[in-house]
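Here the structure is laid out as C-alpha cells; the discussion comes afterwards.
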Amino acid sequence: MRKQFISVLLALGVMGGLAACTPDTGTGEPTATPGATSASPGSTPGTPGPVSPEPGKSEPGTTPPDAETTAPAPAPPAPAPLPSGPGTGNAELAITVKPSQDGTAVNYTLVCNGGAPVAESQHPIAAKACAALKGNPAILNQPAPRKDVSCTQQYGGPQVATVTGAVDGTPVETTFMLRNGCEIGAWNAAKDILGSAGGAV
C-alpha cells in the first residue's frame, strides 16, 4: 500500500515538472522553448525557410524600384492648332524676333483681353496685334505644307521669330522663318503679332 502511494506521488511530480517546462498559452498548444526556430508552413523541419534580401538589394531577376532606366522619355504632344475664324481675343504671348542667327533678339510681351491690349503688354503695335488675334487666332498655326501644294523656292531672309504662350486658352508654341514662299506667306499673315521688328517681306 505504501509503495503504491509513493508511485502515485512520483507520477504526479513528473507530470507537474512537464507542465512547468511547457506552459500553456491558452490555445492548447505548448509555447516554443527559447532558442528554438519554427518552420514555415509546408516546409520540412530542419530546412531553412525563404531568405529575405538585404536592405537596398533586390532579388535576382528583379529591378529595384529606384533603378535608372535607359528608355527615352516620350516626346511631349504637339500643341493643338488654333481654330480658324473669330476668337475671344484673350492672349498671353512671349514673342522673340532675331534678325539673323548671330543678331540681337528683340523680345515682346503681348497680353490681350477681349481683343484689346492690357497694361502688361510691351509690344510696339499691341492694339493691332490683339485685333489680329481676335479676328483669326489661326494665323499663329504653322501646318506642314501639303504634298499637293508646292512652295516657291524664294528666300526671304535670315529672320527667325518664335511665339509661345496661350491664345483663348490654347497653348501656342510656333516658329516663323522665311526660307520659302509658304513660310513667307505665314510670316506676313502674322506680321502684326510679330511686331515692328518682324516686319513684312
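Every read-out reported here was derived from the displayed coordinates using simple, explicitly stated rules and does not represent laboratory data. Fair warning: this is a prediction, and the values are worked out from it, not measured in the lab. Counting neighbours? That spans all protein chains shown, and the Cβs are built from the backbone with ideal geometry, glycine included.
Using label points projected 7 Å from each Cα along Cα→Cβ, tell me how many nm separate Gln101 and Ala131, to one decimal.
For Gln101 paired with Ala131, the spin-label model returns 3.9 nm.
Summing +1 for each Lys or Arg and -1 for each Asp or Glu, what net charge is found among the other residues whose Cβ lies under 14 Å from the Cβ of Asn113?
-2
Counting other beta carbons within 10 Å of each Cβ, put Cys130, Cys151 in order, fewest first.
Going from sparsest to densest Cβ surroundings: Cys151, Cys130.
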